[in-house]
Amino acid sequence: MSTPDRETSAGLVIEVRELVKKFGDFSAVNGVSFEVSGGTIFGFLGPNGAGKTTIIKMLTTVLRPTSGSIRVNGYDPLSEQRQVRSSFGIVFQDPSLDSEMTALENLELHGVLYGIPSGARKQRTETLLKLVELWDRRKEFVKNFSGGMKRRLEIARALLHEPRIVFLDEPTIGLDPQTRNHIWQYIKTLNAEQQITVFFTTHYMDEADRVADEIAIIDHGVIVSRGTPGAIKAGTQSGSLEDAFIALTGQTIRVEEASSIDRMRTLGKAWGRR
Amino acid sequence: MGPQMRVIYILCLRQIKRYMRARARIIGSLGQPLLFLLAMGFGFGPIFRKAGGGNYIQFLAPGIVIMGILFTAVFSGIEIIWDRQFGFLKETLVAPVSRLNIALGRTLGGAVVAFIQGLVVLVFCLIAGFRIEVAALLPVALLAMFISAVLFSAIGMALGSVLEDMQAFPLIMNFLVMPLFFLSGALFPMKGLPEPLMFAMRADPVTYGVDSLRGTLGRASLFGVGTDLIVLGAIATMLVSIGAYLFSRIEL
Ligand SMILES: Nc1ncnc2c1ncn2[C@@H]1O[C@H](COP(=O)(O)OP(=O)(O)OP(=O)(O)O)[C@@H](O)[C@H]1O
Ligand SMILES: [Mg+2]
């Protein structure tokens with residue numbers, strides 16, 4: 001069920017204009033515009049609560065923006081959901097596997113949801129599970145996997161249907177350095193060989209520095225800096241991306257607003273928010 | 001199978017697998033109807049007979065079968081809350097398939113699981129002394145059980161789509177499912193009761209599930225099996241639509 005890429009004038013795979021998301025009175029995303037060209041690795045950095053995940057949710061059709069416009073692979077996530085959804089694969093920040101099923105069952109379900117013919121599904125499942133070194137454990141329940149194994153399985157799943165774009169929301173969280181290197185190696189290869197666009201977030205600045213072609217830094221729902229890692233370091237006269245990040249976003253820890261909102265969320269949760 | 005059917009099928013299969021694997025859950029959800037069957041059946045039997053009601057197990061069993069279906073189906077529907085909490089829901093919400101089909105797969109999965117549970121309860125009722133009076137009507141009884149299962153599963157889906165927290169779960173069980181069960185006439189006959197109570201009972205969809213089984217497994221339908229099935233079918237269709245609509249509006 002693959003959807004043709006829609007021609008975009010400048011080869012842009014993601015276009016975001018004046019995007020706003022309000023939760024009540026609070027603006028989590030406050031007028032964000034950016035674009036990502038096809039085939040690049042785009043790093044989206046920002047302190048906790050900056051609005052990264054919220055933007056990814058709106059790009060991936062699971063959250064409606066308050067205002068602004070979005071194009072993903074040339075399609076509108078609000079009115080052309082199916083086309084947008086078949087364009088991307090995603091690793092969410094939070095777990096999203098069915099832990100009561102085996103690794104293989106999780107991938108099979110994904111394959112059926114994405115309409116992959118069963119022959120191709122089996123073959124790609126094997127390739128990907130071998131790549132993330134889970135092939136020997138494919139028949140085990142996911143609930144018995146370690147955190148790192150679960151993450152690897154989610155990455156394999158996101159790539160199963162050969163998407164044009166992958167969203168990776170903190171994909172390497174909780175992984176050891178070996179696995180992190182391994183996964184980024186693979187993602188870079190995939191990006192180089194198949195021109196897959198990679199949109200990722202991370203709190204590991206060295207990682208972003210190494211893999212990203214381009215970076216946007218977001219804080220309090222607005223983009224504060226944009227460019228290649230080199231340009232961002234040069235612009236702030238910093239030796240490392242970490243120093244540049246701190247120069248741009250300040251020293252304060254972002255807990256105050258998050259905690260009061262968390263309290264409201266817990267209250268509102270039992271009855272739904274709509 | 002077309003791709004849309006495959007989606008419905010695999011989501012349905014997922015629910016059945018999860019149910020079959022959770023042995024504790026099967027036993028747990030059997031416990032309640034069996035407890036009712038034994039405690040009520042043997043405890044109230046003599047009084048019921050003295051009051052001229054006949055054999056109480058014969059009266060009670062259809063209600064207990066529906067009870068088994070009701071609790072399992074609502075529970076399966078509400079599993080959405082679990083899936084939301086443990087994250088799997090996201091995987092289905094970004095998939096390039098219509099949410100309607102996802103909702104249908106889930107509703108059907110919950111219904112199949114509840115139907116199986118109903119069959120098991122029925123077997124236990126037979127062991128406890130219940131007799132099926134007209135064997136030829138058994139297929140109609142099974143149909144009624146299945147439609148009821150779809151209806152209750154759709155209730156669970158609708159609730160699971162709007163509630164976001166597991167903390168709401170006991171609330172639903174105590175303030176919705178239990179009252180629906182008690183108002184269904186599963187435990188006592190709908191005769192000579194105050195009018196407001198009778199009205200509430202007639203408005204309760206579970207009533208028609210119980211009545212349809214009384215008419216097919218026994219011979220004591222109040223509204224007529226045909227009416228029961230039409231009412232059940234109409235309410236099920238309506239609730240499946242509502243459930244699917246609410247599901248399609250879920251945001252993360
Ligand atoms: N559903 C919601 N209701 C209310 N507020 C929300 C909701 N989702 C997110 N927020 C708030 O929006 C802000 C942005 O959250 P978001 O998850 O996008 O941050 P993030 O940049 O991904 O942070 P992190 O790096 O910690 O993952 C936070 O203040 C958060 O509390
Ligand atoms: Mg985040």
- Kindly indicate which of A:136, A:206 is surrounded by fewer than 18 Cβ atoms within 10 Å (Cβ to Cβ), in a helix (DSSP H, G or I), more than 16 Å from ligand 1 (Cβ to nearest atom) and modelled with pLDDT of 95 or more. A:136
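How many of the residues making up region A:125-158 are hydrophobic (A, V, I, L, M, F, W, C) and within 14 Å of chain B (Cβ to nearest Cβ)? Spell out the reasoning first.
Going residue by residue through region A:125-158, those that are hydrophobic (A, V, I, L, M, F, W, C) are A:128-129, A:131-132, A:134-135, A:141-142, A:145, A:149, A:153, A:155-156, A:158.
Add one more test, that the residue is within 14 Å of chain B (Cβ to nearest Cβ), and what stays is A:141-142, A:145, A:153, A:155-156, A:158.
Final tally of qualifying residues: 7.
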- Has region B:54-64 got at least one residue that is of a type in the set (Val, Ile, Thr) and at pLDDT 90 or above? yes
- Query: Do we find a residue being buried (at least 20 other Cβ atoms within 10 Å of the Cβ), in contact (Cβ under 8 Å) with a residue 24 or more places away in the chain and within 14 Å of chain A (Cβ to nearest Cβ) anywhere in region B:55-73?
  - Reply: no
- Query: How many residues, within region A:67-112, are touching a residue at least 12 places away in the same chain (Cβ under 8 Å) and either among the acidic types (Asp, Glu) or assigned to a helix (DSSP H, G or I) (or both)?
  - Reply: 16
- Query: Which residue out of A:84, A:91, A:72 is within 16 Å of ligand 1 (Cβ to nearest atom) and within 12 Å of chain B (Cβ to nearest Cβ)?
  - Reply: A:91
- May I ask you to list the residues in region A:48-66 that are near ligand 2 (Cβ under 9 Å from one of its atoms), part of a helix (DSSP H, G or I) and not charged (D, E, K, R)? A:53, A:54, A:56
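Of all residues in region B:223-251, count the ones that are in contact (Cβ under 8 Å) with a residue 24 or more places away in the chain, surrounded by fewer than 18 Cβ atoms within 10 Å (Cβ to Cβ) and more than 14 Å from chain A (Cβ to nearest Cβ).
Kept after step one, since they are in contact (Cβ under 8 Å) with a residue 24 or more places away in the chain, are these residues of region B:223-251: B:225, B:228-229, B:231-233, B:235-236, B:239-240, B:242-244, B:246-250.
With surrounded by fewer than 18 Cβ atoms within 10 Å (Cβ to Cβ) added as a condition, the list becomes B:233, B:242, B:248-249.
With the extra rule that they be more than 14 Å from chain A (Cβ to nearest Cβ), the set shrinks to B:233, B:242.
Counting residues in region B:223-251 that are in contact (Cβ under 8 Å) with a residue 24 or more places away in the chain, surrounded by fewer than 18 Cβ atoms within 10 Å (Cβ to Cβ) and more than 14 Å from chain A (Cβ to nearest Cβ) gives 2.
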- Please give the number of the condition residue B:133 fails out of (1) touching a helix residue (DSSP H, G or I) at 6+ places or on another chain (Cβ under 8 Å); (2) buried (at least 18 other Cβ atoms within 10 Å of the Cβ). (2)
- Query: Can residue B:45 be described as at pLDDT below 90, outside any helix (DSSP H, G or I) and buried (at least 16 other Cβ atoms within 10 Å of the Cβ)?
  - Reply: no
- Task: Scan region B:159-176 for residues that are touching a Phe, Trp or Tyr at 6+ places or on another chain (Cβ under 9 Å) and within 17 Å of residue B:89 (Cα to Cα) and jot them down.
- Result: B:160, B:161, B:162, B:163, B:164, B:165, B:166
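The values are calculated or read from the model by the stated rules, or taken from the named source; none is laboratory data. Predicted model only: the values in this text are computed from it and were never measured. Here the Cβ is made from the backbone with ideal geometry for all residues, glycine too, and neighbour counts use every protein chain on show.
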